[in-house]
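Read through the structure below, which is laid out as structure tokens, and then see the notes.
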């Protein structure tokens, strides 16, 4: 006769954390959410089946969290306190893919630099950063993602978006989409996308 062993209920903080991660990762599957949780919380683990069941039974709570995230008032950031630098890609009217660099001030949401790159290397990115500093002053912090050209020794004092912290990514993703749109529009307008500076406001 087999004894029936009842699984111990997961603590409430763990269940809330899984729901929070899912709210920040709406397109991620249960496997990705479980992997992210396990990376963030060493010593505690969840399986994809548990995550899938929890998500399926708490759809309303996740939807409420998503609304709270979207309506949350961003904290005030001073101008030139934090800059975000990222590289994006767009396709011109000839179906040619180009790389572009964008630098945005978190405080004012102004695009300090928007430029098509002729060479994708750390020195090119550093050169554009120096030009932006010469024009707008030096920021206190610089944030980048984990792109290889931004992960070299030349950028050893900047801050990355935290790996496995999806709450740090929505602003960067919105900025990346905005940069791609502006870069593509400028390229189509000029039909010769070599250089431009941008001081437009992206909100």
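The values are calculated or read from the model by the stated rules, or taken from the named source; none is laboratory data. What you see is a predicted model; the values in this text were computed from it and never measured. Please note: Cβ atoms are built from the backbone with ideal geometry, for glycine as well, and neighbour counts cover all protein chains shown.
Miscellaneous remarks
For (1) in a helix (DSSP H, G or I); (2) touching a helix residue (DSSP H, G or I) at 6+ places or on another chain (Cβ under 6 Å); (3) outside the structural domain of residue 107 (by TED's automatic domain parsing); (4) modelled with pLDDT under 95, each residue gets a yes or a no:
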{"residue": "4", "(1), (2), (3), (4)": "no, no, yes, yes"}
{"residue": "27", "(1), (2), (3), (4)": "no, no, yes, yes"}
{"residue": "43", "(1), (2), (3), (4)": "no, no, yes, yes"}
{"residue": "52", "(1), (2), (3), (4)": "yes, yes, yes, no"}
{"residue": "55", "(1), (2), (3), (4)": "yes, yes, yes, no"}
{"residue": "63", "(1), (2), (3), (4)": "yes, no, yes, no"}
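Yes/no matrix, rows are residues, columns are (1) outside the structural domain of residue 133 (by TED's automatic domain parsing); (2) closer than 18 Å to residue 124 by Cα; (3) surrounded by fewer than 17 Cβ atoms within 10 Å (Cβ to Cβ):
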site	(1), (2), (3)
86	no, yes, no
89	no, yes, yes
96	no, no, yes
101	no, yes, no
107	no, no, yes
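- Residues being in a strand (DSSP E or B), touching a residue at least 60 places away in the same chain (Cβ under 8 Å) and under 23 Å from residue 136 (Cβ atoms) - total across the stretch 86-120: 13
- Residue check, residue 31 under 18 Å from the mean Cα position of the chain (by Cα), more than 30 Å from residue 129 (Cβ to Cβ) and at pLDDT 90 or above: no
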